[in-house]
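Right, one structure below, let's go through it.
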Amino acid sequence: MSRRVIISLFLVFLFVAIRTVPVYAGEQTVRALANLSPMAALALCGGMFMPRRTGVVLTFGAFIISDGLLNFHYQQPLFNTYSIILFLSFATLFVVGSLIANRAGPSILLCASIGGTLLFYVFTNSAAYFYDPAYPPGFSGWIQALTTGLPGFPPTWVFGLRSLAGNLVFAFAFYMVLRPQTENAGMYAATRAA
């Protein structure tokens, strides 16, 4: 097993832990670490930096395992409407990562991470609006889902900023480990096609 695959496995394990451990550690930990999960970064970087098959298996495997653990904890079915919307958001970011893989420099990664986080934020909060009956119907309810969220919880924009922080840190960790080296650029292009 190559060094890149081992490090990729470690980062994916870290992703699953960051996403699931706070929930099992208790309510106070959940509130302190809510949305530091780097979901968008994993999907984006899996598409950008990993060989296709490895990227699909590791990134989607990590998503399915972590989502299953979360749904089990919250006594939700393994597949529910919200999980499917998360999965589609995740898949969209993976495809975007694959499309921009040839331009995978730090500035492109920064822009893609910010854009991916915003996309993920809008998708997931829109899903919450449609999925959660506590939001009032209509445009004002959707805006509430995108900004203040539900009473008794921190505003959704706070979760968005936390998500952005987690995604930026994780994306640049992936970049530092998995970026294509100039001398290996031809080999990198060949492995991406695999």
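Tally up the residues in the range 127-141 that are free of Cβ contacts under 8 Å to residues at least 24 places away in the same chain, in a helix (DSSP H, G or I) and touching a helix residue (DSSP H, G or I) at 6+ places or on another chain (Cβ under 7 Å), please.
The number of residues fulfilling the criteria is 2.
Considering Val21, Val122, which residue is more than 21 Å from Tyr175 (Cβ to Cβ), out of contact with any Leu (no Cβ under 6 Å at 6 or more places or on another chain), at pLDDT 90 or above and among the hydrophobic types (A, V, I, L, M, F, W, C)?
Going through Val21, Val122 in turn, just one is more than 21 Å from Tyr175 (Cβ to Cβ), out of contact with any Leu (no Cβ under 6 Å at 6 or more places or on another chain), at pLDDT 90 or above and among the hydrophobic types (A, V, I, L, M, F, W, C): Val122.
Output the residues belonging to the range 142-161 that are surrounded by fewer than 15 Cβ atoms within 10 Å (Cβ to Cβ) and assigned to a helix (DSSP H, G or I).
Ile143, Trp157, Val158, Leu161
Considering only residues that are buried (at least 17 other Cβ atoms within 10 Å of the Cβ) and in contact with a Gly (Cβ under 7 Å, 6 or more places away or on another chain), look in the range 84-95 and name the one that is farthest from Val57 (Cα to Cα).
My answer is Leu93.
The values are calculated or read from the model by the stated rules, or taken from the named source; none is laboratory data. A quick note: this is a predicted structure, and the numbers were derived from the prediction, not measured. As a convention, Cβ positions derive from the backbone with ideal geometry for all residues, glycine included, and neighbour counts pool all protein chains shown.
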